[in-house]
Amino acid sequence: MRVLAIDTALGACAAAVLDSAAGAILASESLGMLRGHAEAIMPMIARVMDAARCEFADLDRIAVTVGPGSFTGLRVGIAAARGIALASAKPGIGLSTLSALAAPHVAARLENTIIAAIDARNEQVYFQVFAPNGTTIVSPRLDRVRAAVRSVPVGP
């Protein structure tokens, strides 16, 4: 299955074409930026699609991070994904930014609990806890850092 993945939720603008059946990233690009996602994302998607030698018709779905993250950044990514999905008649799916952060660790088949966290400022974090297989142990939430640490299960 070929997937165009888009992420503009945080301090980067990123796009990739993945072949999930082969477990391969066909092409990817990421630029660190706090502003300018709207100007960067569509040319970036075009470059990634070219590098993957892929047309929109070749895609099976379009995936985009839907938060937590910057409100403006989220709107940019979701609008791009929705536009491409509608124009290409492909399904669009949203996934949490926390799930996207945890995904490479789940794919690495680690034996440890995985904690994905994003600084929410003011001594708070958005976080989610996953089992090694990717199953949610602690649902996504916003909490003070110390409370977040206490809510993580310890032991086997």
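The values are calculated or read from the model by the stated rules, or taken from the named source; none is laboratory data. These numbers come from a predicted model, not from an experiment. As a convention, Cβ positions derive from the backbone with ideal geometry for all residues, glycine included, and neighbour counts pool all protein chains shown.
When residue 40 is tested against the conditions (1) of a type in the set (A, V, I, L, M); (2) crowded, with 17+ Cβ neighbours inside 10 Å; (3) under 15 Å from the mean Cα position of the chain (by Cα), the lone failure is (3).
For the range 23-76, a tally of residues being among the β-branched types (Val, Ile, Thr) and outside any helix (DSSP H, G or I) returns 5. In the range 19-40, the residues that are free of Cβ contacts under 8 Å to residues at least 40 places away in the same chain reach residues that are surrounded by 14 or more Cβ atoms within 10 Å (Cβ to Cβ) and of a type in the set (S, T, N, Q) with C-beta atoms within less than 9 angstrom, at least six apart or across chains, in these pairs: 34/70; 38/8; 40/8. Residue 57 meets each of the listed conditions (1) under 15 Å from residue 1 (Cα atoms); (2) not assigned by TED's automatic domain parsing to the domain that holds residue 10 apart from (2). Return only the number of the condition from (1) closer than 23 Å to residue 13 by Cα; (2) at pLDDT below 95; (3) under 20 Å from the mean Cα position of the chain (by Cα); (4) not acidic (Asp, Glu) that residue 121 does not satisfy. Only one criterion in (1) closer than 23 Å to residue 13 by Cα; (2) at pLDDT below 95; (3) under 20 Å from the mean Cα position of the chain (by Cα); (4) not acidic (Asp, Glu) is unmet by residue 121, namely (3). The listed residues are 14, 40, and the only one of them that is more than 19 Å from residue 100 (Cα to Cα) and of a type outside the set (Asp, Glu) turns out to be 40.
For (1) under 30 Å from residue 49 (Cα atoms); (2) surrounded by fewer than 13 Cβ atoms within 10 Å (Cβ to Cβ); (3) among the polar types (S, T, N, Q), each residue gets a yes or a no:
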| position | (1), (2), (3) |
| --- | --- |
| 77 | yes, no, no |
| 103 | yes, no, no |
| 118 | yes, no, no |
| 124 | no, no, yes |
| 141 | no, no, no |
| 154 | no, yes, no |
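In the range 6-18, the residue that is farthest from residue 88 (Cα to Cα) out of those that are free of Cβ contacts under 8 Å to residues at least 60 places away in the same chain and of a type in the set (A, V, I, L, M) is 12.
Annotation note: of 8, 65, 97, the sole residue that is hydroxyl-bearing (Ser, Thr, Tyr), touching a Pro at 6+ places or on another chain (Cβ under 6 Å) and modelled with pLDDT of 95 or more is 97. Within the range 77-97, the set of residues being in a strand (DSSP E or B) and either within 18 Å of residue 127 (Cα to Cα) or of a type in the set (Gly, Ala, Ser) (or both) comprises 92, 94, 95. Evaluate the following for residue 27: is it touching a Cys at 6+ places or on another chain (Cβ under 9 Å), farther than 19 Å from residue 90 by Cα and not β-branched (Val, Ile, Thr)? It is true that residue 27 is touching a Cys at 6+ places or on another chain (Cβ under 9 Å), farther than 19 Å from residue 90 by Cα and not β-branched (Val, Ile, Thr).
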